[in-house]
Amino acid sequence: MNATQNTTIGEPFECVERAAAQVLAEIGPYTAVVNDPPWSRLAPGAPPPKHLVAAANMDVKHLDTLVAPILGTGSEVVVGIGGGTALDTAKYVAWKCDLPLIQIPTITSVDAGFTEAIGVRIDGNVHYVGTVVPQQVVLDLELIGSAPKRLNRAGIGDILSCHTGLHDWRAAVDAGHSPDWNEALAALGAELLAELDDAIDDIADVNPAGIRFLADAYRRIGAACAAAGHSRFEEGSEHFWAYAYEHKTGAHHVHGELIAFATVAVAHVQRNGAEFASRLVTRSKAVAHPADLGIEREVFIKTLVGLRDYARGQNLDIGVADLHEITPQAAGDAWAFVSTLPRRNKKAVD
Ligand SMILES: [Zn+2]
């Protein structure tokens, strides 16, 4: 796949453009870990799995109940089919069952299919418990293109987060914190942001060029994170705030939408080109206005002002909240800024 001329750091996962049903017909006995949709749509055209797991949530207690039923079914491979929950659940059970993994992302809203870190929730907080490298990532452009456009546009979140992630990392290094600055990783982050800017209308259209760009960007991000052993160039206070917010409210959002919202808000707090982030979110047509996401002002301000305590409690990387005091005034200003994003009628964004 060669969507753009680009930099790659680390060894990216093998990614092929093929029809998902065709792949399933060739892999032998498999356990499918799915979201539905699209499973019901895909299943009639594919050989039935030995075992079917409907992905539900990433709580480790729940995930552990899924493992034993897979063993003894004769499954020789685990296939993740769907969005973030299906792909993340597939990673966990493949790792626990020691079976090869094939990932078939059917929306481009998250990078889960292209990262090797296995993230689970323990008492509502995200923990990384291991790594698994998929044998193959399958890109079925037609299947992805048939998903609600909203879910594909949300894919900007985990790329746009380079904007605030890089800023956090630079500031943390300047204040004497590890990991050390890495010029190649920083350049990759900057390059991804420039390419995102160029591809933004294709992403808004959810055309093949837009889908290919998102998948290829995730692939490069996943490879770079694996090579570096951290994800500082791509994950910073926008993610940390999202974790704090989800922990406090128990809310479950489309990951990329929450991250797109948070990147605009955190860029404002960082005084870091918030207009750039806002412009890209606007042009992508992604749903990111707080009222569309059901985010309330009071909770936003409380979690942003309290981000330092949350981040220290969770031992997250050093970010803007550690280096500067985020006052209720600054949080209120960020809220006012992010509230200037366009509203999207959720039913009309298709
Ligand atoms: Zn993310």
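General remarks:
- The dipole here belongs to the chain: it is taken about the Cα centre, uses +1 on the Cβ of Lys and Arg and -1 on the Cβ of Asp and Glu, and is about 880 debye.
- Computed extension length for ALA56-ASP333: 96.1 nm, one decimal, from 0.36 nm per residue of separation with the Cα-Cα distance subtracted.
- Gain upon complete extension [ARG312, GLU76; 0.36 nm per residue less C-alpha separation]: 80.8 nm
- Extension gain for ARG41-ARG279 works out to 82.1 nm (0.36 nm per residue, less the C-alpha to C-alpha distance).
- CD proxy at 222 nm, helix term only [per DSSP H run n ≥ 4: -39500 (n - 2.57); per residue of the chain; nearest 500]: -15500 deg cm²/dmol
- The string of couplings for the stretch 23-28 from the Karplus curve (6.51, -1.76, 1.60, θ = phi - 60°) is 5, 4, 6, 10, 8, x Hz, one whole number per residue in order, with x for Gly and Pro.
- A cut-off of 5 Å between modelled amide H atoms, ignoring neighbours fewer than 5 places along the same chain, links GLY130 with ILE118.
- Each residue of the stretch 143-154 was assigned a 3J(HN,Hα) from its phi angle through the Karplus curve 6.51 cos²θ - 1.76 cosθ + 1.60 (θ = phi - 60°); the sequence is 5, 5, x, 8, 6, x, 4, 3, 6, 7, 4, 4 Hz, with glycine and proline shown as x.
- Relative to its Kirkwood radius, the Cα radius of gyration of the stretch 95-180 gives an Rg/Rh of 1.05.
- With the largest listed first and rounded to whole Å, the semi-axes of the equivalent ellipsoid of the stretch 149-338 from the Cα gyration tensor are 24, 21, 14.
- Pairs of alpha carbons in the chain whose separation is greater than 30 Å (percent): 33
- Under a model in which nothing but the beta-carbon of Lys, Arg (+1) and Asp, Glu (-1) is charged, the stretch 149-338 shows a dipole of about 380 debye around its Cα centre.
- For the residue pairs LYS91/LYS302; LYS50/LYS91; LYS96/LYS302; LYS61/LYS248, the alpha carbons lie more than 27 Å apart in LYS91/LYS302; LYS96/LYS302.
- Of all DSSP beta bridges in the stretch 19-139, antiparallel share, percent nearest 5: 25
- C-alpha long axis of helix 84-97 to longest principal axis of the chain, angle in °: 60
- For the stretch 200-205, Karplus couplings with θ = phi - 60° (6.51, -1.76, 1.60), whole Hz, Gly/Pro x: 5, 6, 5, 5, 4, 6
- Förster-model FRET efficiency, 56 Å R0, ASP180 and ILE27, C-beta, rounded to 0.05: 0.85
- Residues PHE13, PHE300, ranked from the fewest to the most other C-beta atoms within 10 Å, line up as PHE13, PHE300.
- Once the gyration tensor of the Cα atoms in the stretch 32-116 is diagonalised, the equivalent ellipsoid follows with semi-axes of 17, 16, 12 Å, ordered largest first.
- The charge dipole of the stretch 234-350, taken about the Cα centre with unit charges on the Cβ atoms of Lys, Arg (+1) and Asp, Glu (-1), comes to about 440 debye, rounded to the nearest 20.
- Translational diffusion of the stretch 136-255, µm² s⁻¹ [Kirkwood Rh, Cα pairs; Stokes-Einstein; 4 °C; 1.567 mPa s]: 84
- Annotation: amide H of GLU76 within the under-5 Å range of TYR30, THR31, sequence separation 5 or more or interchain, hydrogens built in the peptide plane.
Every read-out reported here was derived from the displayed coordinates using simple, explicitly stated rules and does not represent laboratory data. Because the structure is a prediction, the values reported are computed rather than measured. Methodologically, a virtual Cβ is constructed for each residue, glycine included, from the backbone with ideal geometry; neighbour enumeration extends over all protein chains shown.
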